[in-house]
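See below for the structure under consideration.
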Amino acid sequence: MSKIGITCYPTVGGSGVLATELGKFLAEKGHEVHFITTQIPFRLNKIYPNIYFHEVEVNNYPVFQHPPYDLALANKMAEVAKREELDLLHVHYAMPHAVCAILAKQMCSELDLKVITTLHGTDITVLGIDDNLKQLIKFGIEKSDAVTAVSNSLVDQTRRMLDTEKDMHVVHNFVDEREYQHVDSRNLKQQFNIGEDEKVVIHVSNFRKVKRVEDVVRSFHLIQQEITAKLVLVGDGPEFNKVYNLVEQLGIEEKVLFVGKQERVQELLSIADVKLLLSEKESFGLVLLEAMACGVPCIGTDTGGIPEVIEDGVDGYIVEVQDIEQVKEKALRILKDAQLSRSFSENAVRAVSEKFSAEKIVKQYEKLYEQVLHSE
Ligand code: GMT
């Protein structure tokens, strides 16, 4: 059993969710897990034996123009690694976590501390094109003892954007099927004033520009002209007001429910008939897995890792980015054909358990840890 330090962004976001769930599963399997983060990760919502939390405190002294998060993190990583005799640091998100981990490793040269970096997407697709950060991200990746990425697409993109030959392992994201499964939440339909036979289209995101939530609304506008339906929008973020205004402009306020950030998304997913993720960039789309585990057929765009998650025509559909006519057409196929919908739903649940189960994916990480720990 290993002693593992995990660093991630602990607030809401796919990378933080994945890192926390991984830590929980590793602890269940007997590893000792030390979260080294600025806050208790939000999914770490109860006491788990062999999970420890070490808070990174970032003090803002008047001499600093910017609080030095990265240096405080590196210092905390080194301090925890030495005291707890960690075997490895597994950092999620290259920037700045990989670089901090390399610095921490150098600070505790008496240990044979290994560094594993998992790339999640925006660390490469957004920050990787920033010339102020590019060389540092490349350094963090190349100096890591092992690098994983959440999709094949992200590996290709990283190679291209950073011009690196570094070996990168694809370890897809996973979902905890004990948490994400269909639950009987029909009462929610009543509470939200959704008719029993009314169809439910759902979208879950952080409302960032890349998610193209306006396309979701425009597609729904077309869908509801042909079928009685409601759109449930889960989440909040920078594009919220624009999306809200568009809903008003299209005159569909009565049919769109903005439910904000939610903890028990599986209850909302369980009343949904189709899920839309129409992003222009998406290295994986963890929210798709969560929906699929609850038996919801998904429609996603042909971008990044989405086609590695949705099998087109088997458990959902893949459409071109921006093509709202295609979204309408594919969504109506699912919404109007009960047999097709049932078969997509069953295939989605099966795909999750065959390809993206926690059991399967956590083993891949453990295998990688073993390889790294036994390498020179
Ligand atoms: O999608 C976001 O805005 C959040 C971001 C993150 O860093 O948490 O998500 C990224 O990592 C997730 C977990 O691996 C992936 O499922 C998301 O696809 C990825 N987001 C993007 O690539 C835009």
Can you work out ³J(HN,Hα) from phi for every residue in region 238-252, in order, using Karplus 6.51 cos²θ - 1.76 cosθ + 1.60 and θ = phi - 60°, giving whole Hz and x for Gly and Pro? x, 8, 3, 5, 4, 5, 4, 4, 5, 4, 5, 4, 7, x, 10
Within straight-line cross-link reach of K166, lysines at Cα separation under 17 Å, skipping those fewer than 8 residues along the same chain: K114, K134, K138, K143
Would you mind working out the magnitude of the charge dipole of region 19-89 relative to its Cα centre, with +1 at each Lys and Arg C-beta and -1 at each Asp and Glu C-beta, to the nearest 20 Debye? 180
For region 16-52 and region 150-193, write down the distance between their C-alpha centroids in whole Å. 18
To the nearest Å, what is the center-to-center distance of region 91-149 and region 317-335, using C-alpha atoms only? 38
Which GluC sites (Glu not before Pro) in region 150-232 pass both tests, a DSSP loop state and at most 10 other beta-carbon atoms within 10 Å? E165, E196
Please arrange H66, H120, H31 by counting, for each residue, the other beta carbons lying within 10 Å of its beta carbon, fewest first. H66, H31, H120
Can you give the helix-only mean residue ellipticity at 222 nm for the chain, where every DSSP H stretch with n ≥ 4 adds -39500 (n - 2.57) and the sum goes over all residues, rounded to the nearest 500 deg cm²/dmol? -12500 deg cm²/dmol
Using only Cα atoms, find the angle between the long axis of helix 97-107 and the longest principal axis of the chain, and express it within 0 to 90 degrees, rounded to the nearest 10. 10
Specify whether the C-alpha gyration tensor of region 87-137 places it in the rounded, prolate or oblate class, a ≥ b ≥ c being the square roots of the eigenvalues: rounded for a/c under 1.5, otherwise prolate if a/b is larger than b/c and oblate if not. oblate
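Each value in this text was obtained by applying a stated rule to the coordinates, not by laboratory testing. Nothing here was measured: the structure is a model prediction, and the numbers come from that model. Cβ: placed from backbone, ideal geometry, glycine included. Neighbour counts: every protein chain shown.
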